[in-house]
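Below: one structure, written as structure tokens.
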Amino acid sequence: PKLPKKCTDIKKWSLMNINCSLNNLNQKAYQAFLATIERIKSGASVVIFPEGTRSEDGTIGEFKKGGHLLAARSRAPMVPTTIIGTRHIIRKRSFAVNPGPVKIILSPPVTITSDPAEAVLNQIRAIICKSYEENSLNAES
């Protein structure tokens, strides 16, 4: 049987199947990334949860770089958005949804500059953390 082009250096079928699956997954993810950039350029808004997971204790974790990369490639500003109260509505590792108040604070847009991604993400994270601290005294208790 013929080996797929991206797997010509792999001799064992089991390794080839794993490698090809990862290549296809990476290729699909990259195609989705490019499609998202085009949608943003055409005016669509995209919501990104930059931590990549829910917090168990309400602390704001480190931000992943995907949102910054989308904003930089599409030349779109990022709007720091603070969401307070959802920790009690949907807890981590749970599918149960409980009623409760949610507060959403939209901060002014941040224009992507030539600064390193970490600097921009840290700036946005600082805005969100400050907004969270100022607005969550009663909301998260």
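The values are calculated or read from the model by the stated rules, or taken from the named source; none is laboratory data. These figures come from a predicted structure and were not determined experimentally. Neighbour counts run over all protein chains shown; Cβ positions are idealised from the backbone, glycine included. Only protein heavy atoms, including side chains, enter the accessible area calculation; ligands, DNA and RNA are left aside. Shrake-Rupley method; radii C 1.70, N 1.55, O 1.52, S 1.80 Å.
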#### Entry: Every pair of residues 6+ apart whose Cβ atoms lie under 9 Å, when the first sits in segment 57-77 and is over 19 Å from residue 118 (Cβ atoms) while the second is surrounded by 14 or more Cβ atoms within 10 Å (Cβ to Cβ) and of a type in the set (Gly, Ala, Ser)
58/136
### Task
Select from segment 39-55 the residues that are open to solvent by less than 100 Å² (accessible area, probe 1.4 Å) and touching a residue at least 24 places away in the same chain (Cβ under 8 Å) and write down the one among them that is farthest from residue 91 (Cα to Cα).
40
### Count - residues of segment 95-110 that are at pLDDT 90 or above, out of contact with any strand residue (DSSP E or B) (no Cβ under 8 Å at 6 or more places or on another chain) and either under 19 Å from residue 79 (Cβ atoms) or aromatic (Phe, Trp, Tyr) (or both)
1
### Task
Considering (1) of a type outside the set (Asp, Glu); (2) at pLDDT 85 or above; (3) not in a loop (DSSP other than H, G, I, E, B), say which one residue 64 fails and leave the rest.
(3)
### Summary
Within segment 103-118, the count of residues that are open to solvent by less than 50 Å² (accessible area, probe 1.4 Å) and not in a loop (DSSP other than H, G, I, E, B) comes to 3
### Query
Which residue, of 100, 58, 85, is open to solvent by less than 30 Å² (accessible area, probe 1.4 Å), touching a helix residue (DSSP H, G or I) at 6+ places or on another chain (Cβ under 6 Å) and more than 16 Å from residue 47 (Cβ to Cβ)?
58
